[in-house]
Each structure stands twice: as C-alpha cells, then as structure tokens.
1. Between HIS165 and residues 5 or more places away or on another chain, which pairs have amide H atoms under 5 Å apart, with H built 1.01 Å from N, and which residues are they?
2. Quick check: with the 1.4 Å probe, what order do ARG156, ARG41, ARG197, ARG168 take by accessible area, largest first?
3. Name the residue from ASN177, VAL130, ILE149 whose Cα lies farthest towards the positive end of the charge dipole of segment 126-183, charges +1 on Cβ of Lys and Arg and -1 on Cβ of Asp and Glu.
4. As a quick test, which of the pairs LYS127/LYS259; LYS87/LYS112; LYS131/LYS163 have an alpha carbon distance above 21 angstrom in this structure?
5. Just how far, in whole angstrom, is segment 78-137 from segment 140-210 if you go by their alpha carbon centroids?
6. Given a 1.4 Å probe, how much area per residue of segment 43-287 is accessible, in Å²?
7. Using a Cα-Cα cut-off of under 17 Å, which aspartates and glutamates could be cross-linked to LYS238, ignoring same-chain neighbours fewer than 8 residues away?
8. Which number comes out as Rg/Rh for segment 43-287 once both Rg and the Kirkwood Rh are worked out on C-alpha atoms?
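The values are calculated or read from the model by the stated rules, or taken from the named source; none is laboratory data. Note that the coordinates shown come from a computational prediction; the quantities given were computed from them, not determined experimentally. Cβ: placed from backbone, ideal geometry, glycine included. Neighbour counts: every protein chain shown. Quick note on the areas: whole protein, heavy atoms, side chains included, nothing else; ligands and nucleic acids left out. Shrake-Rupley method; radii C 1.70, N 1.55, O 1.52, S 1.80 Å.
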Amino acid sequence: MIRRYWWRWLLGLVALIGISWPAYTWTQANIKTLKNTGRSRMAPVIMVPGSSASQNRFDSLITELGKETPKKHSVLKLTVQTDGSIKYSGSIDHNDNEPFIVIGFANNHDGKANIDKQAVWLNTAFKDLVKTYHFNHFYALGHSNGGLIWTLFLERYLKETPKVHIDRLMTIASPYNMESTSTTAKTPMFQELYKYRTGLPESLTVYSIAGTENYTSDGTVPYNSVNYGKYIFQDQVKHFTEITVTGANTAHSDLPQNKQIVSLIRQYLLAENMSDKVQQQNAQRIQH
C-alpha cells in the first residue's frame, strides 16, 4: 500500500517543507529583531586623545578612515574645561548612526593626578552626550593616556549611567605602567587601574595596540608598559587581545594615523564593518 501511494507521501513532504520554510525564516528574522530591541540606532565612536593633545588630535585618523568607509561619518568635538563646562564644535548629521565624537580637555597635562581628573571630566562630557543624543551603546578609542582615561572611566564612572553599554574599547600605545620599563615594578597609576579592575564591564571586548620602533618601545611608551594592560583586563572582560604593530610610522605620535592601525580600527571597532554575527552578540550584551 505504501509503495502504491509513495507519490502522495512525497507530495505531502514537499508541502510540509513549503509551509515550514517561510515560518522558519520569519522566526529567525523575528528573533534578530527581538535581539536588537532596545538598542539605539546611534552608536557613536568616542575618541579620547593622550596628554598634551587637543580635540584635533584625531583629524588625520578620521580623514584616513573616511577614504574607505562606506558611509560618511560626521564629527563632533568637545573640550571639557577645568570647571566642568564644555565647549562644542562640529555637529552630528541627523541620519548618522555612527558619528565620531572626540573629547579633549583644557587641562591635558600628563601625570597621574591629571589623568584622574580627566577621567572625571570624561564622565561629565559622557553624561552630557547621552542626555543630548539619547544613545545607549557606544565604541571607545583612546591613544596613549587616553586609553588610561577610558579604563578609569569604565572601572569607576560608567556605572553612573547604567542604561548605557560599551561594545568595544581599543587603546593605542596606552602606558598602563606609565614610563616604567620594568616587568616587575608597579607604578601608582597601574596600582590604581588594577585595584578597580573588577568594575570593568564583563561583556566588554578590548583591543590593546602597541607600536614598536625597536621591539622595546615606540620611542615614548615602553612596550612592557603597554603589556601591563593584560593584568588589568584579563579575567575581567569577555575578550582581551593585544596587537603589536611594527615597521614604518610606529613612533608614538604617528600611531593614530598608522596605516596598519587605521585598518585595525576599521576592521574591529567600526560597527559598519562588523559581521552580522558580531552585531547580534553585541545586541545580546545589551539585553543582559
């Protein structure tokens, strides 16, 4: 009997697949939508320069990024004064979901005491940006001491804006152990960063980039100091990756516009170049 009516069984199977496949694809699309529920369309890339650098520090980097990115990024610049007031320049286009925002400081001097103050000023600027632009997730980039400022902010101050999450942090030549070349001695700056490391967001992905002219330093920051970042981030964040860049234009001041580093920023930091899988993972982090 089964052999006699095999074609009916086959027809039924085909019909079942025909009915099930659209339902499956709709379900998958709906799951993707649900995962993204609650995420603001805007996810800015917020950049913090190092000591002695102004809000114009990343101009060359932004120009290089603009040469190959599929979408034009608007640029907003902030300078936080010592009294906490903020000067704005530039603007964010209405349809730009991934603008570049640069935060500089009127007091941009080096030293642990100033870096601690700059982390507080970053918090002031960050809160003002969230209040104005209503984003709830972002990407961060810091060059030199800018990476230390970001780390302190994430450890101690981001929790003051609990509904906002950071997706990724990239630091470039950040001296987590300051100017020390030692592999054992720990500076007060490192000790502070290490002390508060448990405050780092557990879902964070971190890329720490080191530049080396001679495999020991970039002419300003010792490689061993950059390498100390692993003691702060490992076992505290979801992913930590250290990348060493060598060759031409690896002097400390050249690193933000170094072609290799520009490529790394484009590949690992800009959302427009991330795979759908990575963006879905980021969406899941927001939900948790």
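1. Amide H neighbours of HIS165: HIS137, PHE138.
2. These residues rank, largest area first, as ARG41, ARG156, ARG197, ARG168.
3. VAL130
4. LYS127/LYS259; LYS87/LYS112
5. When both Cα centres are located, 17 Å separates them.
6. In whole numbers, segment 43-287 has 42 Å² accessible per residue.
7. GLU155, ASP167, GLU202
8. Using Cα coordinates only, the ratio equals 0.93.
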